[in-house]
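FYI, it's all coordinate maths here, none of it is from the lab. As the structure is a prediction and not an experimental result, all values here were calculated from the model. With ideal geometry, Cβ positions are generated from the backbone for all residues, glycine too; neighbour counts draw on all protein chains shown.
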Amino acid sequence: MIGERLKQVRKYHKLTQTAISEKFFITGATYCRYETDQIEPNLQFLKEFSVILGINLNWLITGEGEIFLSGESKQDDSMNETFQVLKAKISELEKENREIKDELLHLYREKVSNLGQK
């Protein structure tokens with residue numbers, strides 16, 4: 001189960017559940033549920049977890065293969081994974097930014113419309 005592998009990696013790095021949850025911007029309760037297999041972490045979390053902690057994503061998901069990436073392959077894979085994680089984060093932030101702009105524009109137009117009716 002993924003939860004047991006998450007716990008194994010966390011303990012290997014001598015981190016608490018609180019430290020992991022803060023590092024990945026999730027609640028402690030959510031991370032605890034991941035480790036106890038009450039809920040399944042999304043792929044984005046698993047990718048970030050594997051990149052930041054140097055873990056083989058395939059092993060983390062399936063339990064197959066080496067736990068840690070090795071040698072040059074590890075560095076290349078880690079860089080690629082890091083790039084993908086950053087790209088996804090940037091995309092999320094751009095979407096949020098567009099949504100905020102749209103909301104502000106909507107509120108502005110609403111306010112202007114209300115002023116014109118007075």
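A few remarks follow.
- Principal-axis analysis of the Cα atoms of the chain puts helix 43-53 at an angle of about 60° to the longest axis.
- Taken about its Cα centre, the chain carries a charge dipole of about 500 debye when Lys and Arg each add +1 at the Cβ and Asp and Glu each add -1 at the Cβ.
- Helix 71-116 axis versus longest C-alpha principal axis of the chain: approximately 20°, rounded to the nearest ten.
- Given (1) 0.94; (2) 0.99; (3) 1.21, the label whose value is Rg/Rh (Cα atoms, Kirkwood Rh) derived from this model: (3)
- A simple rule links phi to the HN-Hα coupling: the Karplus curve 6.51 cos²θ - 1.76 cosθ + 1.60 with θ = phi - 60°, which for the stretch 16-21 gives 8, 4, 4, 4, 5, 4 Hz, with x for Gly and Pro.
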